[in-house]
1. Of all residues in region 1-16, which are more than 22 Å from residue 41 (Cβ to Cβ) and of a type outside the set (S, T, N, Q)?
2. In the list 24, 61, 4, 78, which residue meets the criterion of being loosely packed, with under 10 Cβ neighbours inside 10 Å, free of Cβ contacts under 8 Å to residues at least 24 places away in the same chain and under 28 Å from the mean Cα position of the chain (by Cα)?
3. Could you run through region 35-51 and say how many residues are open to solvent by less than 70 Å² (accessible area, probe 1.4 Å) and modelled with pLDDT under 95?
4. Which numbered condition trips up residue 109, out of (1) at pLDDT below 80; (2) in a helix (DSSP H, G or I)?
Amino acid sequence: MFNDIGPLELLTIIVIAVLVFGPDKLPKVIQDITRTIRKIREFSESAKEDIRSELGPEFKDFEFEDLNPKTFIRKQLDNDELGLKEIRNGFDPLKKEMAEITDVVNGRESEASASSSSSAPSSGSASSGRVDMTKKPEEPGQDERPLFDADAT
């Protein structure tokens, strides 16, 4: 219920409670609060049982947590009847190929291309089978000025 309260926050609540109610009345207030929480839980459980009994035997496996949209969608996606696992597994070769392409574009060689290129020198020409797609810094031409003045900054 209070999973996200840290020790400093809990200490602050205790200090405020002692200041507001006093050390004499604090145990009585805590008992009243726990009794109220217990009654609310009992009321909630009895309401759930009443709803389950009214729905009938065809809804005996009904869970109220399934009414949460996130839980419902997660449960439906984990269901294997839809064949989603086969669809996800079908994307694995595509992911592998995309990773290889990304490595080539970024200038890193994959293991397969590293072993084949170690026997033949890579000159970047079309005859070697490998195209150099790395960006090379462009030098400004004679009539072009650089984008900024290094001395002025």
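The values are calculated or read from the model by the stated rules, or taken from the named source; none is laboratory data. These numbers were taken from a predicted model, which means no experiment stands behind them. Positions of Cβ are generated from backbone atoms using ideal geometry, with glycine treated the same way; all protein chains shown enter the neighbour counts. Note: accessible area is taken over every heavy atom of the protein model, side chains too, but ligands, DNA and RNA are not part of it. Shrake-Rupley method; radii C 1.70, N 1.55, O 1.52, S 1.80 Å.
1. Within region 1-16, the first condition is being more than 22 Å from residue 41 (Cβ to Cβ), and the residues that meet it are 6-9, 11-12, 14-16.
6, 7, 8, 9, 11, 14, 15, 16, listed by residue number.
2. On the way: 24 fails: under 28 Å from the mean Cα position of the chain (by Cα); 61 fails: under 28 Å from the mean Cα position of the chain (by Cα); 78 fails: loosely packed, with under 10 Cβ neighbours inside 10 Å.
It is 4.
3. So the first thing to find is which residues in region 35-51 are open to solvent by less than 70 Å² (accessible area, probe 1.4 Å), and the list is 37, 44, 46-48.
Remaining after also requiring modelled with pLDDT under 95: 44, 46-48.
Residues meeting the conditions: 4.
4. Here residue 109 meets the rest and fails (2).
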